[in-house]
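To keep things clear, I will list the structure first and then write my remarks on it.
Please treat every number below as a calculation from the coordinates, not as lab data. Model, not experiment: these values are computed from the prediction. Because the Cβ atoms are built from the backbone with ideal geometry, glycine has one as well, and the counts that use them run over all protein chains shown.
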Amino acid sequence: HAQLVESGGGLVQPGGSLRLSCAASGSILIINDMAWYRQAPGKEREFVATITRGERTNYAASVKGRFAISRDNAAKMVYLQMSSLKPEETAVYYCNAAIIRRDLGVLDDYWGQGTQVTVSP
């Protein structure tokens, strides 16, 4: 199997910063694209940022210039550095990765359980 586990969420004041981490583990051969999504209460899950294995990045327009996605391929980690956070960015943040497992040899899509980020005074 393979799994993703997020950490780093919490309560932060508006304008503050937070760094999320996501660790991949299990029977992993290759991790291709990794990404962060978020889901606010009563809303659909939305794309935040993605990073390729070669570290090319892409961001949602709403976070460009404030968020930075990065990864450590050797450690099987992806990070999301968030700054100038706004109350409307309160959401559960999910890690996503395209993984080829050693045992199956096929590319599949994996999600973490999510980590809560609350932006409030």
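Assuming R0 = 25 Å, can you tell me the calculated FRET efficiency for the pair Val5 and Ala61, based on Cβ-Cβ distance, to the nearest 0.05?
Computed FRET efficiency for Val5 and Ala61: 0.30.
With an 8 Å cut-off on Cα pairs and a minimum separation of 6 or more residues, tell me the relative contact order of segment 9-121 in percent.
Over segment 9-121, the number comes to 37 percent.
Return the long-range amide H neighbours of Arg53 (sequence gap of 5 or more, or a different chain), with a cut-off of under 5 Å between placed amide H atoms.
Under 5 Å from the amide H of Arg53 lie the amide H atoms of Asp33, each far enough along the sequence or on another chain.
So if we plug the beta-carbon distance of Thr52 and Ile100 into 1/(1 + (r/R0)^6) with R0 = 22 Å, what FRET efficiency do we get, rounded to 0.05?
The calculated FRET efficiency here is 0.95.
Which value, in debye to the nearest 20, gives the size of the charge dipole of the chain about its Cα centre, when Lys and Arg are +1 and Asp and Glu are -1 at the Cβ? Display every interim value, and only then the final one.
Details: 13 positive and 11 negative charges, 46 e Å.
Using only the charged Cβ atoms, the result is roughly 220 debye.
So if I take the centroid of the Cα atoms in segment 44-121 and the same for segment 1-24, what is the distance between those two points in Å?
For segment 44-121 versus segment 1-24, the Cα centre distance is 9 Å.
So if each residue of separation counts as 0.36 nm, and I subtract the Cα-Cα distance between Asp72 and Gln13, what length gain in nm does that give? Let's see the in-between values first.
Values: separation 59, 0.36 × 59 = 21.24 nm, distance 2.82 nm.
Between Asp72 and Gln13, full extension yields an extra 18.4 nm.
Any lysines with Cα under 18 Å of the Lys64 Cα? List them, leaving off those in the same chain fewer than 8 positions away.
Candidates past the 8-residue exclusion: Lys86.
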